[in-house]
1. Anything in segment 34-66 that is assigned to a strand (DSSP E or B) and surrounded by 14 or more Cβ atoms within 10 Å (Cβ to Cβ)? List them, or say none.
2. Based on what the data block shows, is Leu89 touching a residue at least 40 places away in the same chain (Cβ under 8 Å), buried (at least 17 other Cβ atoms within 10 Å of the Cβ) and under 21 Å from Asp61 (Cα atoms)?
3. Determine whether segment 84-101 contains at least one residue that is over 27 Å from Ile17 (Cβ atoms), under 15 Å from the mean Cα position of the chain (by Cα), part of a helix (DSSP H, G or I) and not hydrophobic (A, V, I, L, M, F, W, C).
4. Give the residues of segment 126-146 that are charged (D, E, K, R) and either under 14 Å from Gly23 (Cα atoms) or crowded, with 18+ Cβ neighbours inside 10 Å (or both), sorted by residue number.
5. From the set of residues in segment 1-33 that are of a type in the set (A, V, I, L, M, F, W, C) and part of a loop (DSSP other than H, G, I, E, B), which is modelled with the highest pLDDT?
6. Taking into account only those residues within segment 144-173 that are hydrophobic (A, V, I, L, M, F, W, C) and at pLDDT below 95, which is nearest to Asp26 (Cα to Cα)?
7. Being surrounded by 13 or more Cβ atoms within 10 Å (Cβ to Cβ), modelled with pLDDT of 95 or more, of a type in the set (Asp, Glu) and over 19 Å from Cys94 (Cα atoms): is that true of Glu123 here?
8. Which residues, counting only those in segment 38-80, are acidic (Asp, Glu) and modelled with pLDDT of 95 or more?
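The values are calculated or read from the model by the stated rules, or taken from the named source; none is laboratory data. These numbers come from a predicted model, not from an experiment. Cβ sites come from the backbone with ideal geometry, for glycine too, and all protein chains shown count toward neighbours.
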Amino acid sequence: MNCISTEDVKEWNGRTIEIDDSGTGDIVGDAFIGFHDVPTGEIIFRGISVGFYTEENRNDDGPKKRILEAVKDGLKSLNYNKEHDRILLCRGSCFDLVREWFEQEEFNYLPAIVEGKLQDAVEGRFISHLRSLGVKSKKLSKSAGKERFFILFNWVCEDFPNREKFVKRGFPAWQKRWRGRAQNRYESKAQKRNFIKSRAKEILQKQI
């Protein structure tokens, strides 16, 4: 798929709307779809609940179907005009059904590498969401990748029984690899904490 950067795109006589995502590949939290009305600078978001990322929904393309509905709703909110507007759509696989719909409806769209204002805004929206869940690491950044993965993974490990509900459990790697590791790490630390508490209690009783 040939893509253009939103920062290198040629001028367009009509209106351009950029669409990008954040959180769709992160193991923790909701995902977000961002829309940028380039001429006005307006940016809006639509959220995709982590509840859509279960094994059952994944097998039925649940997240992609929900993203398609979010895109339809976002474009409606921006009063998208098929005859005059152009869409620059992020190349991510989460938009597979969106691309199919665009082609069926003969929308004027281009696959794009979204950079700049929208990318910064939609990643910022995701980070704000993670903070609201209680992820406090100062190293948490807007850049997706290995470092952010382990920050979120370690956060889940700290309180596995209560935090697994925030995990996109439909990701195959979570079930096959990471869930067991998270649970084992939590249980290991819990045992260590219980041992320390028990020893402290014994020592205190001897001193009385």
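1. Initially, segment 34-66 is screened for residues assigned to a strand (DSSP E or B), giving 34-37, 42-48.
Scanning segment 34-66 gives Gly34, Phe35, His36, Asp37, Ile43, Ile44, Phe45, Arg46, Gly47, Ile48.
2. Yes, satisfied.
3. Of segment 84-101, the ones over 27 Å from Ile17 (Cβ atoms) are none.
No, the conditions are met nowhere in segment 84-101.
4. First, pick out the residues of segment 126-146 that are charged (D, E, K, R): 131, 136, 138-139, 142, 146.
Arg131, Lys142, Lys146, listed by residue number.
5. So the first thing to find is which residues in segment 1-33 are of a type in the set (A, V, I, L, M, F, W, C), and the list is 1, 3-4, 9, 12, 17, 19, 27-28, 31-33.
Filter once more, keeping what is part of a loop (DSSP other than H, G, I, E, B): 1, 3, 9, 12, 27.
Details: Met1: 56, Cys3: 67, Val9: 64, Trp12: 67, Ile27: 96.
Here the residue is Ile27.
6. Of all residues in segment 144-173, those hydrophobic (A, V, I, L, M, F, W, C) come to 144, 149-153, 155-157, 160, 166-167, 171, 173.
The next check asks that each one be at pLDDT below 95; those that pass are 144, 171, 173.
On the way: Ala144: 8, Phe171: 10, Ala173: 12 Å.
Per the criteria, the residue is Ala144.
7. Values: surrounded by 13 or more Cβ atoms within 10 Å (Cβ to Cβ): yes; modelled with pLDDT of 95 or more: yes; of a type in the set (Asp, Glu): yes; over 19 Å from Cys94 (Cα atoms): no.
Spelling it out, it is not the case that Glu123 is surrounded by 13 or more Cβ atoms within 10 Å (Cβ to Cβ), modelled with pLDDT of 95 or more, of a type in the set (Asp, Glu) and over 19 Å from Cys94 (Cα atoms).
8. Going through segment 38-80, the residues acidic (Asp, Glu) turn out to be 42, 55-56, 60-61, 69, 73.
Matches in segment 38-80: Glu42, Glu69, Asp73.
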